[in-house]
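So the structure is just underneath, and the comments pick up after that.
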């Protein structure tokens with residue numbers, strides 16, 4: 001399996017995942033043109049995509065979805081409530097594939113399992129992606145994606161345990177948020193149980209789910225105003241060291257350019 005965080009942050013989110021036979025996009029919060037550009041930067045042709053999966057309907061996750069779907073004829077995998085909330089932004093859709101939260105879907109040799117998470121959206125989901133190809137050297141590898149997460153739950157921890165790679169939210173540094181320029185109501189929303197994870201909260205979650213076979217953790221959805229990459233990295237490294245898993249590679253996703261194409 002290979003994956004790449006094309007963009008992550010409040011201005012737009014998108015992630016690419018491929019196996020030996022399948023390639024998918026998760027969220028499309030940038031313009032169609034920008035997504036195509038960033039795919040090209042990591043050597044991926046958008047014409048070869050097999051599907052687009054949407055985790056929730058906030059604009060920074062669906063802004064370019066409609067144009068991308070129509071331009072490349074992609075099937076859209078989405079749950080009912082998210083589809084209903086996002087219809088105005090999506091525009092005309094021919095035949096979206098409506099799935100249930102908690103459902104596992106297989107596209108060629110790639111399977112993705114959805115799980116419920118806490119965020120202030122209609123029916124937001126996290127994802128576990130696996131390769132089901134019998135002959136694939138990546139058979140059994142698991143990628144977990146959980147951003148836009150107000151708090152961890154037993155369900156979230158249970159699903160993310162055992163993943164070989166994690167894309168996790170490290171949204172804000174608490175002190176930077178509290179002393180920063182955001183209005184009080186927005187600060188409360190971010191810190192709330194359906195908002196976002198702080199570096200400390202994300203570090204606690206990472207420490208709880210890390211294990212000997214975890215290879216990569218990508219710190220995602222960092223606030224450009226209320227966080228600092230060094231602070232996020234420090235918290236992740238501390239959590240991994242404390243749990244005895246300092247061997248894990250820590251990467252930080254960016255808003256303005258794609259990260260590396262990582263192979264498991």
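The values are calculated or read from the model by the stated rules, or taken from the named source; none is laboratory data. Bear in mind that the values here come from a model prediction, so they are computed numbers and not experimental data. Note that we place each Cβ from the backbone using ideal geometry, even for glycine, and neighbour counts take in every protein chain shown.
Take the residues in region 214-243 that are out of contact with any strand residue (DSSP E or B) (no Cβ under 9 Å at 6 or more places or on another chain) and closer than 15 Å to residue 161 by Cβ, then tell me which one is surrounded by the most Cβ atoms within 10 Å (Cβ to Cβ).
239
For every residue, the table says whether it meets (1) part of a loop (DSSP other than H, G, I, E, B); (2) farther than 25 Å from residue 197 by Cβ; (3) modelled with pLDDT of 95 or more.
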position	(1), (2), (3)
30	yes, no, yes
44	yes, yes, yes
68	no, yes, yes
86	no, no, yes
94	yes, yes, no
98	no, yes, yes
118	yes, no, yes
121	yes, no, yes
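Given the condition surrounded by 16 or more Cβ atoms within 10 Å (Cβ to Cβ), touching a strand residue (DSSP E or B) at 6+ places or on another chain (Cβ under 9 Å) and within 27 Å of residue 217 (Cβ to Cβ), answer yes or no: does some residue in region 84-97 qualify?
no
Tally the residues that are surrounded by 16 or more Cβ atoms within 10 Å (Cβ to Cβ), part of a helix (DSSP H, G or I) and in contact (Cβ under 8 Å) with a residue 40 or more places away in the chain, restricting the search to region 173-191.
2
Would you check if there is a residue in region 128-146 being farther than 21 Å from residue 237 by Cα, in contact with a helix residue (DSSP H, G or I) (Cβ under 7 Å, 6 or more places away or on another chain) and not in a loop (DSSP other than H, G, I, E, B)?
yes
Sort out which residues of region 106-121 are surrounded by fewer than 17 Cβ atoms within 10 Å (Cβ to Cβ), out of contact with any helix residue (DSSP H, G or I) (no Cβ under 9 Å at 6 or more places or on another chain) and either within 26 Å of residue 32 (Cβ to Cβ) or touching a residue at least 60 places away in the same chain (Cβ under 8 Å) (or both), and write them in order of number.
108
Quick check on my filter: what residues within region 38-67 are under 18 Å from the mean Cα position of the chain (by Cα) and farther than 15 Å from residue 18 by Cβ?
Result: 54, 55, 56, 57, 58, 59, 60, 61, 62, 63, 64, 65.
Please state which one of 179, 149 is at pLDDT 95 or above, in contact with a strand residue (DSSP E or B) (Cβ under 6 Å, 6 or more places away or on another chain) and under 21 Å from residue 235 (Cα atoms).
Values: 179 fails: in contact with a strand residue (DSSP E or B) (Cβ under 6 Å, 6 or more places away or on another chain).
The conditions single out 149.
When the residues of region 202-219 are filtered to those that are in contact with a helix residue (DSSP H, G or I) (Cβ under 9 Å, 6 or more places away or on another chain) and touching a residue at least 40 places away in the same chain (Cβ under 8 Å), which remaining residue is nearest to residue 249 (Cα to Cα)?
217
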